[in-house]
Amino acid sequence: MGEPQKDARGFCRHDHPYFTFGVIADIQYANKADGLSGWKTMRYYSQSCLHLQNAIREWNSEDIRPKFVLQLGDIIDGFNKRTGKSEASLETVLSIIKMAKMPFHHVWGNHEFYNFTRDYLMSSKLSTTWLEDKRQDDLDPSHEGISDNMDYYVYHFSPHTKFRFILIDTYDLSVLGRQETSDGYQKSLAFLDGEQHNFRDRSSFHLLEFNGGLGEEQLAWLNDVLTYSDKNGERVIIAGHIPVHPKSMRSLCLAWNYDKILRTIQSHQSVVCYFAGHDHSGGYYQDSHGIHHITMEGVIESPAGTNAFGTVFVYEDGLLLRGRGRVKDRFLPYRKETKTNPHSSTSLGKQE
């Protein structure tokens, strides 16, 4: 395993993890000069693919190779659409990912929908539903599967006994990537109308086009999967592009109906943590139910000489996130029957 890692109690870990997995967010590649974003933060387009290459090189060479990588969305930048380079830029990034010795699970973010329609994505190489609930050891990373044409993009898989991962579609409710005449577009408008959408109302600060949410059908599906995991004693890690807890991010990047999503996941003892991207500055919060909300720092805002990715070591008592570059190391203990201190997270080695 290499150097022993320290957990929240400061003990060196020599025990072998059940398995490990990689996590990375907001690569946002474009053939574009570095510059300030609309958020007045620097975006290093010249570095994004180099950072991805370095991340894959490290994952490939780790003593315990990750079984898979969670790619949390915004794999290319919306600028590509304006220059007609969406497909070419996507292929550039996917050609780098082919160097990985493990499969990537792809989440969709707002920049996917700036570049492509939902129908296009459903049958693209960014649809990895073919990886659902199969043993990762038996998978061929070069396989290119095509998903069923559902109205929302979700699936789950179990890479190890008593652990389950769920990928959710945080743009199920969204005006992005849909025809204005489609049912999904109309449902999204109806949701916003029902929320009395008003940008001057502080309670509606997050109801912006680049955010989205989960529809009622997807919430019901998520509840069913989590109920199964509860009954079978599984620990669940959920991955989506948009944060779902208002204290796990530092900007306007929050799911439209985060309250309903939170109520759903907090009602299930099986949920351990929720990984998101979208807010490039990153964030962390452990909620009152003991669920860890990790918002990964964005690759696109990582200058030369640094990076933003991590490897998660899965142990009997918790997850150890070993961060690289701007991503902090954290030990994430599994939630207990009783409520935990919402500020009890442990940041290892790197300080806020």
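The values are calculated or read from the model by the stated rules, or taken from the named source; none is laboratory data. Since this is a predicted model, take the numbers as computed values, not measurements. Glycine also receives a Cβ, built like all others from the backbone with ideal geometry; neighbour counts cover every protein chain displayed. For accessibility, only protein heavy atoms count, side chains too; no ligands or nucleic acids. Shrake-Rupley method; radii C 1.70, N 1.55, O 1.52, S 1.80 Å.
Put a dot 7 Å past the Cα of ARG250, heading toward its Cβ, do the same for THR161, and the two dots end up 4.3 nm apart.
The H on the amide N of TYR284, modeled in the peptide plane, is under 5 Å from the matching H of THR295, each at least 5 residues off or on a different chain. Counting 0.36 nm for each residue step from ASP317 to SER123 and taking away their Cα separation leaves a gain of 66.0 nm.
Just order 21-28, 102-109 by mean Cβ neighbour count inside 10 Å, highest at the front, would you? Provide the component values of the computation, followed by the final result.
Details: 21-28: 27.4, 102-109: 24.4.
Peptide ranking by packing, descending: 21-28, 102-109.
Centre-to-centre, using Cα atoms only, segment 115-135 and segment 238-283 are separated by 22 Å.
Using mean Cβ contacts within 10 Å as the protection proxy, how do 242-255, 215-228 order, highest first?
Ranking the peptides 242-255, 215-228 by packing returns 242-255, 215-228.
Protection proxy ranking, highest mean first, for peptides 166-179, 44-57: 166-179, 44-57, where packing is the per-residue count of other beta-carbon atoms within 10 Å, averaged.
Taking amide H positions as modeled 1.01 Å from N, with prolines and chain starts lacking one, the residues under 5 Å from TYR155 and 5 or more places away or on another chain are LEU167. How far apart, in nanometres, would the label points at LYS101 and GLU217 be if each is projected 7 angstrom from Cα along the Cα-to-Cβ direction? Roughly 4.2 nm, to one decimal. Computed with a 1.4 Å probe over protein heavy atoms only, the accessible surface of segment 217-282 comes to 33 Å² per residue.
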